[in-house]
Amino acid sequence: MSYRQAVYDEPYIRDYHSGSTYRIPGTVDMDHLGIPEELRRENLNLPDVAEYDVVRHFTRLSEMNYGVDLGMYPLGSCTMKFNPKYADQIASISQFSDSHPLLPDDMVQGNLKVVYELQEALKILSDMDAVTVQPMAGAQGEFTGMLITRKYFEFRNEPQRKEIIIPDSAHGTNPASAAMAGFEVVEIPSSDEGTVDLDALKAAVSEKTAAFMITNPNTLGIFETHIEEIAKIIHGVGALLYYDGANFNAIVGKTSPGLMGFDIVHFNLHKTFATPHGGGGPGSGPVAVTSKLKDFLPVPVVRYDGGRYYLDYSLPHSIGKVVSTIGSFGVLLRAWAYINYNGADGLDENSTVAVLNTNYLRSKVEGKYFIPYRKLKKHEFVISTQNTDKRALDVAKFLLDYGMHPPTIYFPLMVKESMMIEPTESVGKSDLDRYADLLLKALDVPDSELKDLPKNTAVTRIDEVKAARDLKLRW
Amino acid sequence: MPRNDEVEQMLNSLSMKSRDDLFSEIPTKFRKSVLRLPRSKSEFEVIETAKSIAKTNQWDQYKNFLGMGFYDRVIPSSVDSIISRSEFLTSYTPYQPEVSQGMLQSLFEYQSVMSDLMHMDFSNSSMYDGYSSLGEAVRMAFRENERPRVLIPDNMINTKLQVIESYTEGLNLKFERYKISRDTGEIDLENLKGLVDGNTSAIIVENPNSYGVLDRNVTRVSEIKKDSVLIAYVDPISLGLVKPPGDYGADIAVAEGQQMGIHMNYGGPYLGIFTFRKELVRKSPGRIIGETTDANGKRAFVMTLQTREQHIRRQKATSNICTNQALMALASLTYLSLLGASGLRKVAAVTMEKSRKFTDNIKKVISKDAVPFTGVHFSDVIVKINKSEKDLNAALIKNRIIGGIPLSRLIPDLSDQLKGNYAFSFTEKTPDADIDLLSSILGGI
């Protein structure tokens, strides 16, 4: 299968001067508006473009953009699975999508029912006791979890707990979120197995430890089999165990953070629950906690009294709010639809196939690429070009030319020349075979040729250094 | 998904006997025995269920006068059409720029249009929402001067302050309120001036403010701010007519972008607009897109200044932002591209006309004093009604109207002084007849 992305020399939108054609209703006397003199705007530069040109401009731009609807998109830790269209259809029902965030509860019983059911489903999937859907991204979920941790220890009068321990394989958002909430980050190295080094962990914990943030399976796709001991070490010093749910797709229906002894969990609805990520956002990052932390959640949470759904603001130790509203309802609605469509059987099957696809693809490239650590992987695996004469970047650009999105590259940082591959359940065997073939084929292409790739994309290889040096951030 | 026979084949190639072998390393005691959720359904059934749940929402049978930062505005059909393009909708963060030029150019254009709209030097490529943007702005000011005091208007909506406090939890900042005049609804400049000192990190101004008033005095805060950071929180629609924050010396200007082409969605996804002076760029949070060239010298776009970001800088990053609101940024860009300056001006103008019509009506049917602030209102109008929330709501609901948020609920610290004041909001979509109906009901109770 050959691939060629559309190529347009598309000008800036402001360089169309076809004149705005869009009509705003109403008549108004622009000279008698009563804007105070001091506040009158002198000058407003906006594009002045006819509707047909606006639509053509952005349609052409869309043709120069790769999405999961075009093909495989195995970015590790991003879980780029198929985004089901029924979810989009449901999210566009006007009675949902046009409801105002400050409407009284009695007017939005349908919205509240959806949120309530999603809260309940997330509790069941994670075996946790209470959920907030407010955070608008995974990183904001982490931040919320850190604020809960902080408030919990303030409440317990343990202000000395200022440290968050994080393994070196963690997503960058973990240390960033912990630091934002005012914690000090203590990084511990991984063991020779690519898992948490129990000795390093034991040496790092103390009465200053507030929490240990990990993902399980970790970013190498390896399940932390010592999780029980990890939980014992952490709880033994009175700290909390935090679950980064970016990799939850590996274990849905198989095990759960609650069973493993976690105290706080965040989910990424735009990963595990298939909501479209829109070129970087929106996402949604609900947080679940055990019962001892339930009163610390942000407000409001949705409750049901047997006859009526309502927003409850009365959590005694609530951290307050992290965004203006109850959360990204449009995203929550899609996740609700995904859970309802797949059901217990489908959710379980999706995880099985995601793990099967990962291990199958891993087995196809093993030997040619260096694959560190244990063989059996979960939702993703990490390969490295360090045993070859190639660079991960060059292999990635090679894949682009075949209409396949490359893996996440140069992450996790602990593996040199790494490529983190997460095929998800939304690809068949033939695509996996093809992806493996291309990964192997790349190794036979001379460096001199690789450096000139990609060629079949809207632009050729991009000068990132120039972007940072010249810093042109607007027209 | 592989076919069943392929699954067997794949398991065989891995020397596995069953699917369970894929999870063999998970300790048995942690295996989930049963997933207590209903079984799978067809999409027909799921959609039907969703429709029947949607019907239990009642609000669409009422006339709606809710606002206070989130508004029911005209959304051009082309906006929904563009953001539904699956190449945009189903793409991830543009880590591979060569196949992501569509979203990258769109976000570069978004940064440009937002910079122009706010008349600021630079914009990032979006944040979660307006309130969290304000929180990040206060953090950014602290990175700039590491001072402990932040001055906020005494009528700031409580939820907004809660979000800012969450965002600055680790910084031990002290928030102090400066006065907004109870007569004009504008900043008391003398009071604010007296509060600014060498420990002041930032001053937050709002325009229009939480009384819905367009505040003339925001233009004079730069004269008294000394060397603190001036943060402006503005209504982006108002900028069709109103002086932008860049014109009155704002260092950081943020806004909630929902009004520009984004459905209200009962709370999100929304759009945090985040703009700033160019000197602050390396201290700014969030993703930023830069223009560069490809190997052939052709114009191209890429995420830049990533050394500020969490995936590289980890705990020293300027923010933990990874996901942002790229698609919503595209929605607002499309909206502004369709409307142009003349369209945006008209939306703002019609909105003001509606608010003024309501204000004039109220002065007639209740009294001159029923509109407590002499300042000019934009979308939100505060009315003094000597009724309890319960009585007011009963009268409105009976007439199929939703609106009248008690100010004392939004700004609890001032509840005594603001008792009996209610907010009603208007947009270019509000029918004149509805304004007359609302006014006559309010006059009659």
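Between B:Asn386 and B:Glu279, the simple label model (points 7 Å from Cα in the Cβ direction) yields a spacing of 5.4 nm. Cα centroid distance between the stretch A:331-376 and the stretch A:121-142, in Å? Between the Cα centre of the stretch A:331-376 and that of the stretch A:121-142, the gap is 21 Å. Along the stretch B:381-386 the Karplus relation, 6.51 cos²θ - 1.76 cosθ + 1.60 evaluated at θ = phi - 60°, assigns HN-Hα couplings of 10, 9, 10, 8, 10, 7 Hz to successive residues, with x for each Gly and Pro. For the options B:Gln315, B:Gln162, B:Gln259, a Gaussian network treatment of chain B with springs between C-alpha atoms closer than 10 Å singles out B:Gln315 as fluctuating the most.
For chain A, the relative contact order is 20 percent, taking Cα pairs closer than 8 Å that sit 6 or more residues apart in sequence and dividing their mean separation by the residue count. For chain B, modelled as a GNM whose springs connect Cα atoms under 10 angstrom apart, the maximal fluctuation among B:Ala395, B:Ala423, B:Ala295 occurs at B:Ala295. Which residue, B:Lys29, B:Lys174, B:Lys429, tops the fluctuation ranking in a GNM of chain B built on C-alpha contacts under 10 Å? Among B:Lys29, B:Lys174, B:Lys429, the largest mean-square fluctuation in the Gaussian network model of chain B belongs to B:Lys29.
Rolling a 1.4 Å probe over the protein heavy atoms of the stretch A:353-466, with every protein chain left in place, gives an accessible area that is 50 percent carbon and sulfur. Applying a DSSP loop filter and a limit of 13 other Cβ atoms within 10 Å to the trypsin sites (Lys or Arg not before Pro) in the stretch A:4-74 leaves A:Arg4, A:Arg23. Run down the aspartates and glutamates and flag those whose C-alpha is under 12 Å from the C-alpha of B:Lys316, throwing out any fewer than 8 positions away in its chain. Filter leaves A:Glu184. Expressed as a whole percent, the accessible surface of the stretch B:223-279 that belongs to carbon and sulfur atoms is 47, based on a 1.4 Å probe. Extension gain, A:Arg308 to A:Thr388, is 22.5 nm, computed as 0.36 nm per intervening residue step minus the present C-alpha separation. Cα centroid separation, the stretch A:207-227 to the stretch A:63-94: 29 Å. In sequence order, the stretch A:110-118 has phi-based couplings of x, 4, 5, 4, 4, 5, 4, 5, 5 Hz under the Karplus curve 6.51 cos²θ - 1.76 cosθ + 1.60, θ = phi - 60°, and Gly or Pro positions carry x.
Applied to the stretch A:313-328, the Karplus parametrisation 6.51 cos²θ - 1.76 cosθ + 1.60 on θ = phi - 60° returns per-residue 3J(HN,Hα) values of 9, 9, 6, x, 10, 3, 6, x, 9, 10, 9, 5, 10, 7, x, 7 Hz, with x for Gly and Pro.
In the stretch A:451-467, which residues have a backbone nitrogen under 20 Å from the label point lying 7 Å from A:Lys368's Cα in the Cα-to-Cβ direction? Under cut-off, by backbone N: A:451-455. Listed cross-link partners A:Lys397/B:Lys298; A:Lys151/A:Lys292; A:Lys151/B:Lys283; B:Lys55/B:Lys354 are compared with a 21 Å cut-off, the Cα-Cα value being larger for A:Lys151/B:Lys283; B:Lys55/B:Lys354.
Residues whose amide H lies under 5 Å from that of A:Ala137, counting only those 5 or more places away or on a different chain, are A:Gly285; hydrogens are built 1.01 Å from N in the peptide plane. Judged by the gyration tensor of its Cα atoms, with axes a ≥ b ≥ c, chain A is oblate; a/c meets the 1.5 cut and b/c is at least as large as a/b.
Loop-only check: which chymotrypsin sites (Phe, Trp or Tyr not before Pro) in the stretch A:268-329 are DSSP coil with at most 13 other Cβ within 10 angstrom? Taking the stretch A:268-329 and a limit of 13 other Cβ atoms within 10 Å, the loop chymotrypsin sites (Phe, Trp or Tyr not before Pro) found are A:Tyr313. Taking all Cα pairs closer than 8 Å and separated by 6 or more residues, the relative contact order of chain B comes to 21 percent. Could you tell me whether the stretch B:58-185 comes out rounded, prolate or oblate from its Cα gyration tensor? Rule is a ≥ b ≥ c as square roots of the eigenvalues, rounded for a/c under 1.5, then prolate if a/b exceeds b/c, otherwise oblate. Because a/c hits 1.5 or more and a/b fails to exceed b/c, the stretch B:58-185 counts as oblate. With the whole protein complex present, A:Ile164 retains an accessible surface near 0 Å², based on a 1.4 Å probe.
In straight-distance terms, cross-link reach from A:Lys378 covers every one of the lysines whose alpha-carbon lies under 22 Å from its own, apart from those fewer than eight places away in the same chain; here that gives A:Lys81, A:Lys254, A:Lys271, A:Lys364, A:Lys368, A:Lys416, A:Lys429, B:Lys17, B:Lys29, B:Lys32. Averaging Cα coordinates gives a centre for the stretch B:67-82 and one for the stretch B:110-157; these two points are 23 Å apart. Divide the volume of the convex hull around the Cα atoms of the stretch B:311-359 by the residue count and you get 137 Å³ per residue. Among the GluC sites (Glu not before Pro) in the stretch A:18-61, those placed in a DSSP loop whose Cβ has at most 12 other Cβ atoms within 10 Å are A:Glu42.
Subtracting the Cα-Cα distance of B:Glu25 and B:Asp121 from 0.36 nm times their residue separation leaves 29.1 nm of extension gain. Tell me the total accessible area that A and B bury against each other, 1.4 angstrom probe, in square angstrom rounded to 100. Looking at A and B, the buried total is near 16300 Å². Only helices enter the 222 nm calculation for the protein assembly as shown: every DSSP H run of n ≥ 4 contributes -39,500 (n - 2.57), and dividing by all residues gives -10500 deg cm²/dmol, rounded to 500.
For B:Lys357, the lysines whose Cα comes closer than 22 Å to its Cα, not counting residues fewer than 8 places off in the same chain, are B:Lys63, B:Lys346, B:Lys368, B:Lys384, B:Lys429. For A:Val186, the amide hydrogen comes within under 5 Å of the amide hydrogens of A:Ile164, A:Ile165, A:Ile166, counting only partners 5 or more places away or on other chains and with H modelled in the peptide plane. In this structure, the amide hydrogen of A:Tyr22, modeled 1.01 Å from its nitrogen in the peptide plane, lies closer than 5 angstrom to those of A:Glu51, counting only residues at least 5 positions away or on a different chain. Remark: relative contact order (the stretch A:353-466) = 30 percent; criterion is Cα-Cα distance under 8 angstrom and separation of 6 or more residues.
The values are calculated or read from the model by the stated rules, or taken from the named source; none is laboratory data. Keep in mind the model is a prediction, meaning the values are calculated, not measured. No Cβ is skipped: glycine too gets one built from the backbone with ideal geometry, and neighbour counts run over all protein chains shown. Heavy atoms of the whole protein, side chains included, go into the accessibility calculation; ligands, DNA and RNA do not. Shrake-Rupley method; radii C 1.70, N 1.55, O 1.52, S 1.80 Å.
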